[in-house]
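Reading through the C-alpha cells given below for one structure.
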There are 4 protein chains.
Amino acid sequence: MINVTVWNEFRHEKSNEEVKKVYPDGIHNCIADFLKKEDGISVKTATLDQPDHGLCDEVLDKTDVLLWWGHMFHNEVSDEIAEKVFKRVLRGMGFIALHSCHLAKPFLKLIGTSGSIRWREGDFERLWVVSPGHPIAEGIDEYVELENEEMYGEWFDIPTPDELVFISWFSGGEVFRSGCCWNRGAGRVFYFRPGHETNPSYHVPQIQRIITNSVKWAAPKRILEKLNCPHVPTSVEELRKGTKK
Amino acid sequence: MINVTVWNEFRHEKSNEEVKKVYPDGIHNCIADFLKKEDGISVKTATLDQPDHGLCDEVLDKTDVLLWWGHMFHNEVSDEIAEKVFKRVLRGMGFIALHSCHLAKPFLKLIGTSGSIRWREGDFERLWVVSPGHPIAEGIDEYVELENEEMYGEWFDIPTPDELVFISWFSGGEVFRSGCCWNRGAGRVFYFRPGHETNPSYHVPQIQRIITNSVKWAAPKRILEKLNCPHVPTSVEELRKGTKK
Amino acid sequence: MINVTVWNEFRHEKSNEEVKKVYPDGIHNCIADFLKKEDGISVKTATLDQPDHGLCDEVLDKTDVLLWWGHMFHNEVSDEIAEKVFKRVLRGMGFIALHSCHLAKPFLKLIGTSGSIRWREGDFERLWVVSPGHPIAEGIDEYVELENEEMYGEWFDIPTPDELVFISWFSGGEVFRSGCCWNRGAGRVFYFRPGHETNPSYHVPQIQRIITNSVKWAAPKRILEKLNCPHVPTSVEELRKGTKK
Amino acid sequence: MINVTVWNEFRHEKSNEEVKKVYPDGIHNCIADFLKKEDGISVKTATLDQPDHGLCDEVLDKTDVLLWWGHMFHNEVSDEIAEKVFKRVLRGMGFIALHSCHLAKPFLKLIGTSGSIRWREGDFERLWVVSPGHPIAEGIDEYVELENEEMYGEWFDIPTPDELVFISWFSGGEVFRSGCCWNRGAGRVFYFRPGHETNPSYHVPQIQRIITNSVKWAAPKRILEKLNCPHVPTSVEELRKGTKK
C-alpha cells in the first residue's frame, strides 16, 4: 500500500468563481479522487490553512508520496514545515511538484536552482513523450493535448533532470521540460507542468494516468534513518585479521 | 591549434539545382569557410566519393574534430571507415553530427540506438537555449529562429544526452532535442539538428557561432592509446611492501 | 508475469573442472533457479551452442528481460542474433549484462564504447550501494562483500550511466562502477559486475537479490513497433481547422 | 582573464600547530599561490573573520570562480552571504567546493541534499580518473596517490553528478565519488574531495593541476541578469503577422 498525501494551497478555489467552477472541492480533492480509484494507493489530503499546514509529524511520518500544489502563497508555508518535507524526501519519501510549484519552498530546496520560467495564460499545449519506456509514460501515446493551458516556457532554471519524460509544445512559440525526474537522497522527485487553476487539466484522463504513474514511480524502496555523517572504524583490516565475521 | 576535418556526402549539391544555389561549393566548404575565420582552428575537407571517403589513416590521425554531414547515402560509407571513425572518437577525437546524420553510420555506432525521428519539410523553427551556461551556447540569446527548415520531431530515439543545449519548436506542432552532447570513450560527441540541404541554415551567423563553439568544446584534451583490456598486477601491496616507488 | 530468458555461453562449465564444481548445471541454470522462486517471473534458458544460440524469433518475441553471460566466445555469437537482440532492446526488452559481458556483442552495440577495463584474478570485493533509493538496491545494506572475485578496475570505458547503483572496492587498489543503468530506445539495460566463473557469486543471496531486483526494474512498460523514421503531415493546423478529431 | 576568489575558514591554521606547519599562511594562500602561476588567472582571497566574510558585493560581483574551504565553522557563515553566493552561481559564477565543504552552506543550497558521508582519519587514498576526456582530468594519469588523507566514504548523499571525474579508493575499504560536476543555473559547480587540514594534499602537483583545471572549466561563459519569472506576450503570432522583425 502506498500512502499518499495530496497537499493544496486551497485558496483560489474559495476566492475565485472561475476556479470554483473547475475544482468545486479543491484541486486536492480532485486529485485524491482519481488516485483513490487505483488499487494499492491510500490517499489523504492536507491544506495550507490547517494547523501545521496539515503536515504534522504524524502525517509526514506515514506519507510515502507527497503531492504538492501551490501558487500565490508559497511564502506562507513555514520554513519549519518546508524543512521537514525536504528532510523526509532525502530519507526516502516521494515528492510530486505540480505546475506552479516550480517555486514552492520544498521543491526549491530540493533542486538547488531558482525555478525561473517564462509564462503567459491561454495557449494550446501538446506534451510530447520523449522517454517512451519510462514508467511515468506507461499507457500514454505519443503526446497529450490540452486545449487551453497556461504557457510555461524555457529557459526553465532547473538542474539537468535525471530523467526527462515530457517536453511541451505551446502554440505561442515556446517549449518546456514538463516532466522531470530527480533523485534526492533516497527519495524521488517528479515535476509535472500542467494544472493551471482555471483549466480543467486534472480532469483529463491522460493527465490523471501520468500523475498516478508518477505516484507509483516515486513510492519509496526504503526509508533511511537520520542522514548524519558517521565516523567509522577501519573495517577491512578487521576483516583480514579475522576479527570481523 | 584544433585540426578540423569537415566531411560531406557532397552529392545533392551536384545533382540538385535547388541545393546548388544554396551551397554552390558544397555544404563542407560553406562550413569550412566560416570555421577558417576563427583563430586557432585549421580546417580540411573530405567527401564520400574520394578514395577512402577522404578519410585515410593519415587524415584521421591528424583530425582533432570531425564534422559529418550525410543524408541519402549513409549506406555507401564503408563499414571499415565507419569503424575507424568510431574508434578514433573513443580515443579522444571530437565528432559533430549534423542534421540528417542522426542516421549516419559512425553516429549510430556511438549512440547505440536507432536515431529514429519523425519529419516533414517546410516549418518555421525556433531553437531554444535550455542550458545558457554551456560553452556551445556562448553568445547565443534565448533562441535562434530559422524561417524555413525541415521539421524533425520527437520521439528522437537517442540515449539521454549527457548535456542538452537546445530544444526546437516547430510551427507544425513538434518539439525536438536539437543540441545534444555525449561523452564516448575519451571523445566528445555533439549532435546539432539544423541544416537541410535546401535551406540556408549554415549561412546564418548564429548557427555558425554554435557550430564553431561546438568544435572548441569537442577538441580533445588527450588522445588515448589502444583501448584494450590490460591485465594488471596488484599494485597496492607492492606499495605497502615498499617495492613500489 | 515477466518472461525472462537467461542466456549463457555454457562452455567453461563443460570443459573446466573448477567451474563445473561451482556451477554443475551451468551458470544459466543457477540464475534461472533463483529467479524461478520469485512470484511473477517465468524463466527459460538459452545457450550459445543451441541452434540460433537458442534465440530464435519465437523466443526473443516472448522475452521481456534477457540476461546474458558470456566470456571467451563473444565472437561466436552471430552478428545476426546480436542485431536482433539489440533491436528488441530498443523496442522495449530489458537486457542484463553480467560480468564479462562488458565485451558481449549486444552490450557493445547498446553502449557505443569499447567496454575496456583492467582486470586481475583473486581479490576481495566490496560492492558499495551509492544509490540507496534505487529499486535495484532494494533490500541491500550499505555494501555486499565477496571474499574472492576477479578484479575489474577503472577506467571502465562506458558512457556515463543514467543511474549508478554500485561502486566496487577491490583489495588490490582498484575501484569499479559495478552496477550501471542505461536507457536505450524504450528498453532498459543493466550491467552488473560480479560473476567470475570460478567464484560462487551467483550463489550469494544478496547477489541473487540484486539480479532479481534488476529483472523487475528492466521489465518493459511497452513494446514499440518498428523504429523507422515516419514522415508526418502537419497536425496542428488540421486541429485548428477542426478537421482533426 | 578569470577572476578567482579563494575563500577559507582560516581558523585551524591559527589555532592548531599541526595545521600551521602544513599551511603556515593558510590553505587559501597555498591555493592562491599555485593558481597565480597560471596565465590568465587573477587571484584574491577572503576569509571567514573578515567583514562580510570578505565577500561584500564588490568582491562577489567581480568573482568569476569562487573556491571554498571550510570545516568546523560552516554555521558561522551568515545566511545572507550564503544566499548571495548561491544566487551568483545561478547567474553564472563558478563554485569549487573543497573537501569538508560537502557541508558548507552555499554547497548544500546548490545540491539540494544532505551531503552526508562516512569518514575516518588516516588512510592511503588513490583517486582514479573515470572520465579521461574531461577537461578537469587533463594532464592526470590513471590515478593520483595520496599517502595520508582523511577517508570519506559512500554513501555520499549528493544528486547524481552531471559528470563524474574521479572515484577514490581508500586503504580501509571505502570508495568515494571524489570529483563531481554539476550545472546549476548558468553556473558550474565542482566538488573535489582531498584537502584535510593536517595533510599536505594542496602541495601535491597533481592536485594543484586538478584544481587549476577545475577553475578553467568553471569559468563563466556569461553572467545572467536577475532570475525572475518574466511574463511574455505571444511572439509567434506577431512574427507571422509581420509585426515582428
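Observations
- Neighbourhood charge, 12 Å Cβ-Cβ cut-off, centred on B:Lys62 and excluding it, Lys, Arg +1 and Asp, Glu -1: -2
- Backbone geometry of segment B:97-109 corresponds, through the Karplus equation with coefficients 6.51, -1.76 and 1.60 at θ = phi - 60°, to 3J(HN,Hα) couplings of 9, 9, 6, 6, 6, 4, 10, 6, 3, x, 5, 5, 4 Hz, x marking Gly and Pro.
- Close amide H partners of A:Ala46, meaning residues 5 or more places away or on another chain with modelled amide H under 5 Å apart, are A:Val6, A:Trp7, A:Asn8.
- Cα centroid separation, segment A:99-121 to segment B:184-215: 32 Å.
- Computed from backbone phi with θ = phi - 60° and the Karplus coefficients 6.51, -1.76 and 1.60, the 3J(HN,Hα) list for segment A:158-173 is 10, x, 3, x, 5, 9, 10, 9, 9, 10, 8, 10, 10, 4, x, x Hz; x is used for glycine and proline.
- Relative to its residue count, segment B:143-199 spans a Cα convex hull of 94 Å³ per residue.
- 3J(HN,Hα) couplings calculated from phi for segment B:178-184 with the Karplus curve 6.51 cos²θ - 1.76 cosθ + 1.60 (θ = phi - 60°) are, in sequence order, 8, x, 10, 10, 9, 9, 9 Hz; Gly and Pro show x.
- For segment A:1-34 versus segment B:1-26, the spacing of their alpha-carbon centroids is 58 Å.
- Two-decimal log10 I(q)/I(0) for segment B:44-115, as the Debye equation yields it once each C-alpha is a single scatterer, q = 0.21, 0.22 Å⁻¹: -0.89, -0.99
- Net +/- balance of residues flanking B:Gly185 in space, Cβ distance below 10 Å, scoring K and R +1, D and E -1: +4
- Segment B:83-142 - Rg (one decimal) and Dmax (whole number), Cα, Å: 14.8, 39
- Taking a Cβ cut-off of under 9 Å around C:Asp123, the surrounding Lys, Arg, Asp and Glu residues balance to a net charge of -4, with basic ones at +1 and acidic ones at -1.
- Counting Cβ atoms of other protein chains within 10 Å of each Cβ in C:183-190 and taking the mean gives 5.
- Distances between placed amide hydrogens fall under 5 Å for A:Gly122 paired with A:Glu149, A:Glu150, A:Met151, all partners being 5 or more residues away or on another chain.
- Accessible area, probe 1.4 Å, largest first, for residues A:Ser42, C:Ser100: A:Ser42, C:Ser100
- Solvent-accessible surface of segment D:90-209, taken per residue with a 1.4 Å probe and all protein chains present: 19 Å².
- Here the mean projected area of the convex hull built on the C-alpha positions of the protein assembly as shown is 40.5 nm².
- Taking every residue in C:138-151 and counting other chain Cβ atoms within 10 Å of its Cβ, the average works out to 2.
- Segment B:96-227 - Rg and Dmax from Cα coordinates, angstrom: 14.4, 47
- q = 0.09, 0.10 Å⁻¹, chain A: log10 I(q)/I(0) [Debye, one scatterer per Cα]: -0.39, -0.47
- Dimensions in Å of segment A:1-100 - Rg and Dmax from alpha carbons: 13.2, 40
- Using Cβ point charges alone (K and R +1, D and E -1), the dipole size of segment C:59-138 about the Cα centre works out to roughly 200 debye.
- 5 angstrom amide H check on B:Glu163, placed H, neighbours 5+ away: B:Cys181
- The A-B contact accounts for approximately 1800 Å² of buried accessible area, totalled over both chains at a 1.4 Å probe radius.
- Each peptide in A:16-25, B:6-15, A:164-173, A:79-88 gets a packing score, the mean of other Cβ atoms within 10 Å over its residues, and the list from highest to lowest is A:164-173, B:6-15, A:79-88, A:16-25.
- Shielding of C:91-98 by partner chains, average beta-carbon count, 10 Å: 1
The values are calculated or read from the model by the stated rules, or taken from the named source; none is laboratory data. Source: prediction; values computed, not measured. No Cβ is skipped: glycine too gets one built from the backbone with ideal geometry, and neighbour counts run over all protein chains shown. What goes into the accessible areas is simple: the full protein's heavy atoms, side chains included, and nothing from ligands, DNA or RNA. Shrake-Rupley method; radii C 1.70, N 1.55, O 1.52, S 1.80 Å.
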